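Asker: Pasting a structure here, questions to come.
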Amino acid sequence: MNRMPVLFIGHGSPMNAIDDNVWSAGFKKLGKLLPEPKAILSISAHWYVAGTFLTGEEHPRTIHDFGGFPRELFEMQYPAAGSAELAKRVQKLIGEGAALTSEWGLDHGTWSVLHHLRPKADVPVVQLSIDGRLPPAAHLALGQALQPLREEGVLIMGSGNLTHNLRHAFGSYQRGEAATPAWAKSFDADATKAIEQHDGPALARLAQTDAGRLSHPTPDHYYPLLYASGAADPKDKVSFPVTGFDMSSLSMRSVLYG
């Protein structure tokens, strides 16, 4: 089994699942860069809870965790199988504090991008929740604990956004402002530098800076990057298959390690 890369993907709006735009085109191209995995472990910004959980169902449901979008989006399904075997393997790697649950499925942080990366939904998918009570360094450590999965054919995918201040993004969109503010460019650049240097601790510290709190009023969309960084190896080549800003300040940067 070939060693799998690690992926962080800036998923952006749920509409990217059905729109033909620069982001969905980028996701499709990214899918062609990835080797065939045995299974996928997704850490999505949209399962941000008090606790560490794993989807354990044989057929995880497609969750439409949003509102105010077209019916077409709510009718979308991503019928990938689950994998109790993988869920239990992850549970063993990160500790017994992680519990399998049937109360969640695949949310749009997972399926809206896998719809483009793996359109046939032909690979089992497990989601790992983000425990919002933990500090940034703990999420990095959890990512490090997942490293052995790469040798077992599992693609580890964090799904969030490198900057995610929705109040600013929606305000800019409503006002028709397209220019990216300096704070978003600066945070994206600082994070990119740390990513290129494989400096996970620096990425963890960035979340707690003033710039980090402005870029992420809540850290749910940033923490998936820490899992990807933790699972990466210092020898991994780093590339950015998707870059740019949506809605003025929403960084859509994706990171491929390996």
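Asker: Just wondering, is there one or more residues in the stretch 143-157 that are open to solvent by 10 Å² or more (accessible area, probe 1.4 Å), more than 20 Å from residue 43 (Cα to Cα) and either free of Cβ contacts under 8 Å to residues at least 60 places away in the same chain or in a loop (DSSP other than H, G, I, E, B) (or both)?
Answerer: no
Results for (1) assigned to a helix (DSSP H, G or I); (2) open to solvent by 60 Å² or more (accessible area, probe 1.4 Å); (3) in contact with a Cys (Cβ under 7 Å, 6 or more places away or on another chain); (4) of a type in the set (Gly, Ala, Ser), shown as yes or no for each residue.
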site	(1), (2), (3), (4)
85	yes, yes, no, no
96	no, yes, no, no
119	no, yes, no, no
126	no, no, no, no
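Asker: Picking from 164, 115, 139, which residue would you name as being assigned to a helix (DSSP H, G or I), closer than 17 Å to residue 46 by Cα, open to solvent by 20 Å² or more (accessible area, probe 1.4 Å) and modelled with pLDDT of 95 or more? Walk me through it before giving the result.
Answerer: On the way: 164 fails: assigned to a helix (DSSP H, G or I); 139 fails: open to solvent by 20 Å² or more (accessible area, probe 1.4 Å).
One residue alone meets the criteria, 115.
Asker: Something else about it: Considering the stretch 1-26 alone, what residues qualify as being over 22 Å from residue 139 (Cβ atoms) and crowded, with 18+ Cβ neighbours inside 10 Å? Step through it out loud before you land on a result.
Answerer: Step one: list which residues in the stretch 1-26 are over 22 Å from residue 139 (Cβ atoms), which gives 1-3, 13-26.
Within the stretch 1-26, 13, 14, 16, 17, 23, 24, 26 meet the criteria.
Asker: Continuing with the same structure: Can you name every residue in the stretch 202-245 that is open to solvent by less than 40 Å² (accessible area, probe 1.4 Å), within 20 Å of residue 183 (Cβ to Cβ) and not in a loop (DSSP other than H, G, I, E, B)?
Answerer: Across the stretch 202-245, the qualifying residues are 202, 203, 204, 206, 212, 215, 219, 220, 221, 223, 225.
Asker: What number of residues in the stretch 86-118 are under 17 Å from residue 76 (Cβ atoms) and of a type outside the set (Lys, Arg)?
Answerer: At the first step, the residues of the stretch 86-118 found to be under 17 Å from residue 76 (Cβ atoms) are 105-118.
In the following step, the residues that additionally are of a type outside the set (Lys, Arg) were identified as 105-117.
Matching residues across the stretch 86-118 total 13.
Asker: Filtering the stretch 219-258 down to residues that are modelled with pLDDT under 95 and among the polar types (S, T, N, Q), which residue is farthest from the chain's Cα centre (by Cα)?
Answerer: Ranking the candidates gives 248 first.
Asker: For residues that are part of a helix (DSSP H, G or I) and more than 15 Å from the chain's Cα centre (by Cα), scanning just the stretch 27-46, find the one that is surrounded by the most Cβ atoms within 10 Å (Cβ to Cβ). It would help to see each step written out before you state the result.
Answerer: The initial filter retains those residues of the stretch 27-46 that are part of a helix (DSSP H, G or I), namely 27-33.
Among the residues that remain, those that are also more than 15 Å from the chain's Cα centre (by Cα) are: 28-29, 32-33.
Working: 28: 14, 29: 12, 32: 8, 33: 12.
Applying the filter and picking the extreme gives 28.
Asker: Among the residues of the stretch 63-83, what is the count of those that are within 15 Å of residue 115 (Cβ to Cβ), crowded, with 19+ Cβ neighbours inside 10 Å and touching a strand residue (DSSP E or B) at 6+ places or on another chain (Cβ under 6 Å)?
Answerer: 2
The values are calculated or read from the model by the stated rules, or taken from the named source; none is laboratory data. Predicted, not measured: the structure shown is a model, and the values here were computed from it. No Cβ is skipped: glycine too gets one built from the backbone with ideal geometry, and neighbour counts run over all protein chains shown. Note: accessible area is taken over every heavy atom of the protein model, side chains too, but ligands, DNA and RNA are not part of it. Shrake-Rupley method; radii C 1.70, N 1.55, O 1.52, S 1.80 Å.
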